[in-house]
1. Suppose we keep only residues that are hydroxyl-bearing (Ser, Thr, Tyr) and under 17 Å from LYS85 (Cα atoms) within the range 21-50. Which one would you say is modelled with the lowest pLDDT?
2. Quick one: is PRO345 more than 24 Å from the chain's Cα centre (by Cα) and within 17 Å of THR286 (Cα to Cα)?
3. Which pairs turn up if I take residues in the range 26-48 that are at negative phi and look for partners that are aliphatic (A, V, I, L, M) and part of a helix (DSSP H, G or I) with beta carbon separation below 6 Å, at least 6 apart in sequence or on another chain?
4. Is it fair to say LEU329 is free of Cβ contacts under 8 Å to residues at least 24 places away in the same chain and of a type outside the set (Asp, Glu)?
5. Only helices (runs of 4 or more DSSP H) wholly contained in the range 57-173 count here; list those with 2 or more residues that are in contact (Cβ under 8 Å) with a residue 12 or more places away in the chain, open to solvent by 10 Å² or more (accessible area, probe 1.4 Å) and more than 30 Å from ALA358 (Cα to Cα).
6. Can you name the residue in the range 283-318 that is among the β-branched types (Val, Ile, Thr) and free of Cβ contacts under 8 Å to residues at least 60 places away in the same chain and is also surrounded by the most Cβ atoms within 10 Å (Cβ to Cβ) among such residues?
7. If a residue has to be in a loop (DSSP other than H, G, I, E, B) and under 25 Å from ALA163 (Cα atoms) to count, how many in the range 197-209 make the cut?
Amino acid sequence: MASSTTRSGPPAGMTAHTRAAKDVVGAPPTVDEVMAVLSNVIDPELGSDIVSLGMVPSVQVGDDGWVTVEIKLTISGCPMRAEIKKEVETRVELHPGVARTKIVWGEMNADERSNVMTKARWNARENAAETMVPDSCNVLAIASGKGGVGKSSVTVNLAAALAQLGHTVGVLDADIWGFSVPRLLGISDRMEAEKVDGSDKPLIMPNERKVGDGLLKVVSTGFLVGEDTALMWRGLMLTKAVEQFLRDVQWGELDYLLIDMPPGTGDVQMGLARMLPSTDLIVVTTPALAAQKVAQRAADMAKRSFLNVVGVIENMSSFTDSAGVEHALFGSGGGDALAEAIGAPLLGRIPIEPAVSAGGDVGQPVAIEGEGPAADVFRSIAEHIATELAPPVAADDIDMAGCSARLFDSVNKAFDELDAASVTQVTVD
């Protein structure tokens, strides 16, 4: 970090329109003192301080109390520039030894922008906002790079299969524009808000559906507007809607929360990564090479947001006719190629079957009581999730997770065995 102390007057480039210097009382601050002050200036868009983000490459302090701060913005036309300027000047000039502050603006190069965004995402992850999703819940986001790959169908069938295993499963329809979960699950009731003990405001109650010994809790904008209503919302409104579904819904106890993500890598995806940093991502693709390449972007988004990609599902993999002949209608190999490219396992290939779309049309996912290869694959993936990929975690065991807990359990077991042996010996004697 560059710094210097000079005895000159106002920095070069200052004009008659510059604010007059204030009276200086005492010695000027050190560079470290100025940096400490600047560490309290938060970039409104990135949500972190400008020092830790690397936006302040140099500070110069003159003996006459003039302070020059170099600030690099992600783009020269940053709309937050005026707000950052005001905050920097106000905070630095509180020091009695500062006459005035000059800001020298710069623009980051591509590498610097990438580093700043990485730091911002990490800071957001470490300071995630409170939600109503219980800490013991396994959150699985079902994502794709593009629409039309059957992501929503995969989401509801996996949720239904997990519920069939006896789990309580939340389904969040985060595809705000293209919501289809209500129809796919055969639920049309409007969501209502109710007063809940311990909350200072009414909370939205999810719609519920029993599946076997399990339970589905479902939230979607489709329960707030008609199925034929077009939501003409911009990105910020979409993000706020999803945030409300996480903060203002009485989810209650959950083993799993499956999130039907919108296609692409936009505001909603980044907002979910910020609010639910422990989310695991499952990427859905079709066998087509083009779909696989686009789906890779969703995995890249997860990596940049510090989310873990736990698997790939290839949907619409093939069609088998009545003679038993298999037809690769949308090509082949996309799921394998994507899994290899992103270093995640291929969880399964879901064949093309009329029963899948027919079940969705009547709100009866094929994974519940359907028969055939597609239903079998959904159930197999759900079983894999529940037993290996993301087994349910009891709320009481959260603080005891990990190797230390397993060691502690092993020690306790050993002591129990010794106690039992002692009791047996005493009885025999």
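1. Pass one, the range 21-50, residues hydroxyl-bearing (Ser, Thr, Tyr): 30, 39, 48.
Cutting the leftovers down to under 17 Å from LYS85 (Cα atoms) gives us 39, 48.
Working: SER39: 92, SER48: 79.
Among residues in the range 21-50 that are hydroxyl-bearing (Ser, Thr, Tyr) and under 17 Å from LYS85 (Cα atoms), the one modelled with the lowest pLDDT is SER48.
2. Numbers: more than 24 Å from the chain's Cα centre (by Cα): no; within 17 Å of THR286 (Cα to Cα): yes.
When the stated conditions are applied, PRO345 does not pass them.
3. Close Cβ pairs (under 6 Å, with a partner that is aliphatic (A, V, I, L, M) and part of a helix (DSSP H, G or I)) amount to VAL37/VAL92; VAL41/VAL88; LEU46/ALA120; SER48/ALA120.
4. yes
5. Details: elements: 81-92, 110-126, 151-164.
Where helices (runs of 4 or more DSSP H) fall fully within the range 57-173 and carry at least 2 residues being in contact (Cβ under 8 Å) with a residue 12 or more places away in the chain, open to solvent by 10 Å² or more (accessible area, probe 1.4 Å) and more than 30 Å from ALA358 (Cα to Cα), they are 81-92, 110-126.
6. First, the residues of the range 283-318 that are among the β-branched types (Val, Ile, Thr): 283-286, 294, 309-310, 312-313.
Filter once more, keeping what is free of Cβ contacts under 8 Å to residues at least 60 places away in the same chain: 309, 312.
On the way: VAL309: 22, VAL312: 28.
Residue satisfying both the conditions and the ranking: VAL312.
7. As a first pass, look at the range 197-209 and keep what is in a loop (DSSP other than H, G, I, E, B): 197-202, 206.
In the following step, the residues that additionally are under 25 Å from ALA163 (Cα atoms) were identified as 206.
Matching residues across the range 197-209 total 1.
Conditions (1) open to solvent by less than 30 Å² (accessible area, probe 1.4 Å); (2) of a type in the set (D, E, K, R); (3) at pLDDT below 95; (4) at negative phi, marked per residue:
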position	(1), (2), (3), (4)
LYS195	no, yes, yes, yes
GLU208	no, yes, no, yes
ASP228	no, yes, yes, yes
LEU246	yes, no, yes, yes
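The values are calculated or read from the model by the stated rules, or taken from the named source; none is laboratory data. Note that the coordinates shown come from a computational prediction; the quantities given were computed from them, not determined experimentally. With ideal geometry, Cβ positions are generated from the backbone for all residues, glycine too; neighbour counts draw on all protein chains shown. For the accessible areas, the whole protein counts, side chains as well, though only heavy atoms, and no ligand, DNA or RNA atoms are used. Shrake-Rupley method; radii C 1.70, N 1.55, O 1.52, S 1.80 Å.
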